[in-house]
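The structure appears right after this line, and notes come after that.
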Amino acid sequence: MTDMQLPLRLQQGIEMIRAEVSRLTDSSGVYRMLNEKGDVLYVGKAKSLRRRVVHYTQPNRLPHRLRRMVSEARRMEFILTRTEVEALLLEANLIKTLNPIYNVLLKDDKSYPYIHLLDTLGFPKIVRFRGRPDGRGDYFGPFASGSAVSETLETIQRVFQLRNCKDTDFSTRKTPCLQYHIKRCTAPCVSKVTSEQYAQQVCDTKDFLTGKSRDVQERLQVRMMEASQDQAFEKAAFYRDRIKVLTSIQSRQGIDGYAVGDADMVALVEDEGQVCVQIFFFRNGQSYGNRSFFPTRTDEMDPSDIMASFLAQFYEDKQIPSEILVNQIPAERDLLQQALVQISGHKLAISVPQRGKRKDIMQMVEANARESLVRHRSQVASDRQALLRIVELFGMTAPPSRIEIYDNSHTGGTHMVGAMVVAGPDGFIKKAYRKFNIQKAAASDDYGMMREVMQRRFAKAVIDENFPDLLLIDGGQGQLRVVKEELEAMDLFSHLTVVAISKGEDRNAGREKFHMVEKGRQMKAFQLPLHDPTLQYLQRLRDEAHRFAIGSHRIKRNKSIEISLLDDVPGVGSLRKKALLLHFGSAKSVQDATIEDLSKVKGISKDLAKKIYGFFHSGTI
């Protein structure tokens, strides 16, 4: 097909790209395709920008997806890099940041939890950790979920009884806390255990977390026999119970993680254009859980390209194991390995298990991926049917592409927070969630809170792709009225469908009432059948807004409680308050501190330490 036979918009895109090619060099780098609005359509990397970009001027060799992209492209931007590895890393980062329309996108909006063993006072504590490990202490993970961490931490405290308290609490305790009395800690804070004995607890914990639980069991068995021979039967029973817990854990694992060692197992499956990637995390021979991902915009792409894009984006900001076992070799595997080595700082390999237990486990991972894809497709189909039903139910002209759900939370009129969650055809869009710290509304004024949230959300709103089609309000007729008034004042109400959801009789789920305004008048509230799938979909949206609102409120309340204890202490301004909180970790620990401990804080003199101590302990200065 000649240029003259091509659609006009495709010709225009090709001419723009040809003009850019004439100015390009053979340098490695990253390129971005942009449309006439400046939106990023595609991000790519190349060993030679000129040779890679010229490929887009040959439409007959492009899949339909990229032909559409070239038709929309009106501008290109370039970033030169020193190596192709740098280009690959930059590409992965930009894809996650910019969400280009034509790239494979990994929706991964969470950090992964770790178990952190940290020694600050000679008696290490064990706690959960989220974020990027900073090298202090020992980190074990990542775990696939918070529940997987909680289960492991519970086991550690039942079996090894390490402390999990704050350092300030540890330093100021005079009697054992509840953890000691329920046999979850040996109370090193009050010398119920020697440093040598506690060091053995720490050693056993590390062995357990590094896959040597059988060695730990053998040591416990020896100690149990010794205690029994010494007729220390209570001590022997203690060791017996710990051995039972470890045996139970090993029987529940079900997967021979020792055959995997320290690796992530990644399986990609595809069915009718939809893709699922399943990851199982193995560390030191133990399974730390699994997660399913459903990358978007994968149509017309080879599975090897999808796998390469997924791995580059997933590991761009995470700890990387020494092995990544896959069921599909990623495109440009050698280049990807070099990039991941540069991120991790250690050698690693990407390979497909060929035989033995590793191959069997990979087949299990792949089976999990297929099952997850079936469930996901069923959920997506159900949600899309619900969106179609919503069109009819709420009198809309088309299925909503962006739904915003609002809820408020407070405790007796204090720490008031408004919350907005966002959903679309592919589920919740967590990066778009917003919370509003209520500043103007009077205490317990739910209507005033909703007015303020509407004003702050829509005061500078532009009607574009980020403008909602449907607003769901957790509330009744009153909330609907104030939302309508605020949106009408901003001349936005006619552009939106607004629905309020109030709880039904006895606040029972399934008896919710829906309130709307039609032709300027409020309609009679209506209900949906108890088991209606559309009702269940709307309940799920409402419940997510409720969860987010309560969570935001609790964070605000807890911060306020921490700080408010120090607000009235004489001589303690904002800088000293910050210094005290940084040193002790909490206001409660400041309250429990001795004069000597207080005077160790930068900016707190001996005299001021006495005043602070006197304020909390006698009420006089």
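The values are calculated or read from the model by the stated rules, or taken from the named source; none is laboratory data. Every value quoted in this text rests on a predicted model; they were computed, and no experiment measured them. Methodologically, a virtual Cβ is constructed for each residue, glycine included, from the backbone with ideal geometry; neighbour enumeration extends over all protein chains shown.
Table for the structure above
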| quantity | calculated |
| --- | --- |
| Selected residue (criterion: farthest from P59 (Cα to Cα)) from residues of the stretch 10-44 that are outside any loop (DSSP other than H, G, I, E, B) and among the basic types (K, R) | R32 |
| Condition check for E234: part of a helix (DSSP H, G or I), at pLDDT 85 or above and either surrounded by 13 or more Cβ atoms within 10 Å (Cβ to Cβ) or assigned by TED's automatic domain parsing to the domain that holds R163 (or both) | no |
| Pair list, Cβ < 6 Å and 6+ apart or interchain, from the stretch 302-314 residues that are part of a helix (DSSP H, G or I) to residues that are surrounded by fewer than 22 Cβ atoms within 10 Å (Cβ to Cβ) and of a type in the set (K, R) | Q313/K96 |
| Selected residue (only one of Q479, Q455 is buried (at least 22 other Cβ atoms within 10 Å of the Cβ) and among the polar types (S, T, N, Q)) | Q479 |
| Residues of the stretch 119-155 satisfying the condition of being in contact with a strand residue (DSSP E or B) (Cβ under 6 Å, 6 or more places away or on another chain) and not in a loop (DSSP other than H, G, I, E, B) | K125, I126, V127, R128, F129, R130, D138, Y139, F140, G146, A148, V149 |
| Residue list for the stretch 90-105, filter: buried (at least 21 other Cβ atoms within 10 Å of the Cβ) and either in the same structural domain as D302 (by TED's automatic domain parsing) or in a helix (DSSP H, G or I) (or both) | E91, A92, I95 |
| The stretch 122-147, residues that are surrounded by fewer than 17 Cβ atoms within 10 Å (Cβ to Cβ), closer than 17 Å to R163 by Cβ and touching a residue at least 24 places away in the same chain (Cβ under 8 Å) | G122, R128 |
| Scan of the stretch 435-445 for residues that are surrounded by 16 or more Cβ atoms within 10 Å (Cβ to Cβ) and either within 17 Å of the chain's Cα centre (by Cα) or outside any loop (DSSP other than H, G, I, E, B) (or both), ordered by number | K435, F436 |
| Count - residues of the stretch 160-206 that are surrounded by 13 or more Cβ atoms within 10 Å (Cβ to Cβ), hydrophobic (A, V, I, L, M, F, W, C) and in a loop (DSSP other than H, G, I, E, B) | 7 |
| Residues (of a type in the set (K, R) and not in a strand (DSSP E or B)) located in the stretch 386-434 | R389, R402, K430, K431 |
| Residue identified as at pLDDT below 85, outside the structural domain of L121 (by TED's automatic domain parsing) and buried (at least 19 other Cβ atoms within 10 Å of the Cβ) among S574, S586, S552 | S552 |
| Condition broken by R51, with the remaining ones in (1) part of a helix (DSSP H, G or I); (2) buried (at least 18 other Cβ atoms within 10 Å of the Cβ); (3) not polar (S, T, N, Q) satisfied | (2) |
